Each structure stands twice: as C-alpha cells, then as structure tokens.
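Accompanying notes for the structure given below.
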Amino acid sequence: MTVDKRVALMLIVAAAAGCRAAEGSVIPGASVARGKQSVAGFGCGTCHEIAGVRDAYGRVGPPLTGVATRSIIAGELANTPENMVRWIRDPQAVEPNTAMPNLGVTEQTARDMVAYLYTLR
Ligand code: HEC
C-alpha cells in the first residue's frame, strides 16, 4: 500500500470513529436507541429507577439515572463499559449473592444497553 493510500485509510477510520462519538455510543457497533428499547423490554425498571424509561421506578437496585457518572458499580467494579456488560450478562459471576438476576442478556444486547446507560449523566 502506498503512503498516500495509508493516509487516506487512516482518515476514513478517524472519520468513522468521529461518527460513533457523535452518535453518543461508547461501544463500537452498539446502538443507544436499541439499548434503550432493550432496557425497557427486559424490565430493568422493575428494580431500577431510570429517567426517560417508562414505568422505571424500581427501588430494589440503585437508580441507573446518572450511572455514567459513578466511578464504581455494584459496589466493587470500576465503571467501564466492559465491566458493565459483564455485570449485566452475569451478575452472580461478580457477586454470587446479589439480588440482580441473570436475565439471559446476550453480549450484543448488553453492549447496546451499556451504550444507552452511558448516556445517563
Ligand atoms: C430483581 C431486581 C433487578 C433487576 C430486574 C435488574 N437489576 Fe440491576 N441491580 C439490582 C441490584 C440489587 C443491584 C445492586 C447490586 C450490588 O450492588 O451488589 C443492581 C445493580 C445494577 C447495576 C450497577 C449499578 C450501580 O450503580 O452499582 C447496573 C448497571 C444494573 N444493575 C443494570 C441492570 C440492567 C441493565 C437490568 C436489565 C437487564 C437490570 N439491572 C435488572 C437489581 C436488579
């Protein structure tokens, strides 16, 4: 590949990354809109208060409104997108006695959910 082509390719990659940032997703390939639908569809709001999600007034778990600004989640994990995906997919693997159930969320759906939850500041 010539240097010119390499530079052009880098610009395309940088532009694509810029698009994702503009869309607000912290996870490549994840969709904020799909994530919001999934959070509503899985009934996360029965246990969590989530501003912007209908009927999400639960008091069993901590409010997810503002979760993006928290430094620690579930009392023990650094708040990174990877850790949040891990937690949502299998809470008991992190905290065996937690009241949060394993809801069988797939990797892609968890990634979408986290992209959405990270918009909650
Ligand atoms: C039966 C109740 C229940 C349901 C349903 C539930 N959670 Fe939770 N969730 C909890 C509890 C309890 C905690 C606190 C766990 C801990 O700190 O050990 C928690 C913690 C969390 C955290 C960490 C928040 C923080 O600030 O510490 C996230 C993120 C989360 N849940 C997301 C979800 C998502 C997304 C769903 C839907 C797929 C969901 N939860 C469904 C009970 C629930």
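Along the stretch 87-95, what does the Karplus equation 6.51 cos²θ - 1.76 cosθ + 1.60 (θ = phi - 60°) give for ³J(HN,Hα), rounded to whole Hz, x for Gly and Pro?
4, 5, 6, 7, x, 5, 5, 8, 9
Which residues does the label zone of Arg121 cover in the stretch 51-66, counting backbone N under 14 Å from a point 7 Å along Cα→Cβ?
Flagged as within label range: 66.
Sort 35-42, 50-57 by the packing proxy (mean of other Cβ within 10 Å over each peptide's residues), most packed first. Numbers along the way, then the final one.
On the way: 35-42: 18.2, 50-57: 14.4.
Highest-to-lowest ranking by the protection proxy: 35-42, 50-57.
May I ask you to compute the full-extension gain from Glu107 to Glu49, defined as 0.36 nm times their residue separation minus their alpha-carbon distance, rounded to one decimal in nm?
On the way: separation 58, 0.36 × 58 = 20.88 nm, distance 2.30 nm.
Separation in residues times 0.36 nm, less the Cα-Cα distance, equals 18.6 nm.
Using the Karplus curve 6.51 cos²θ - 1.76 cosθ + 1.60 with θ = phi - 60°, work out ³J(HN,Hα) for each residue of the stretch 112-121 in order, rounded to whole Hz, and write x for Gly and Pro.
5, 4, 5, 4, 5, 4, 6, 7, 8, 10
Give me a comma-separated list of calculated 3J(HN,Hα) values for the stretch 34-43, in order, Karplus coefficients 6.51, -1.76, 1.60 applied at θ = phi - 60°, integers in Hz, x for any Gly or Pro.
These are the phi-based 3J(HN,Hα) values: 4, x, 5, 4, 5, 4, 5, x, 7, x Hz.
Ranking request for peptides 71-78, 83-90: highest mean number of other beta-carbon atoms within 10 Å first, then the rest in descending order. Before the final figure, lay out the partial values.
On the way: 71-78: 12.0, 83-90: 20.0.
Descending mean neighbour count gives 83-90, 71-78.
Read-outs throughout are calculated quantities, based only on the coordinates presented, and are distinct from any laboratory measurement. It should be emphasised that the depicted structure is a prediction, and the values quoted were computed from it without experimental measurement. Note that we place each Cβ from the backbone using ideal geometry, even for glycine, and neighbour counts take in every protein chain shown.
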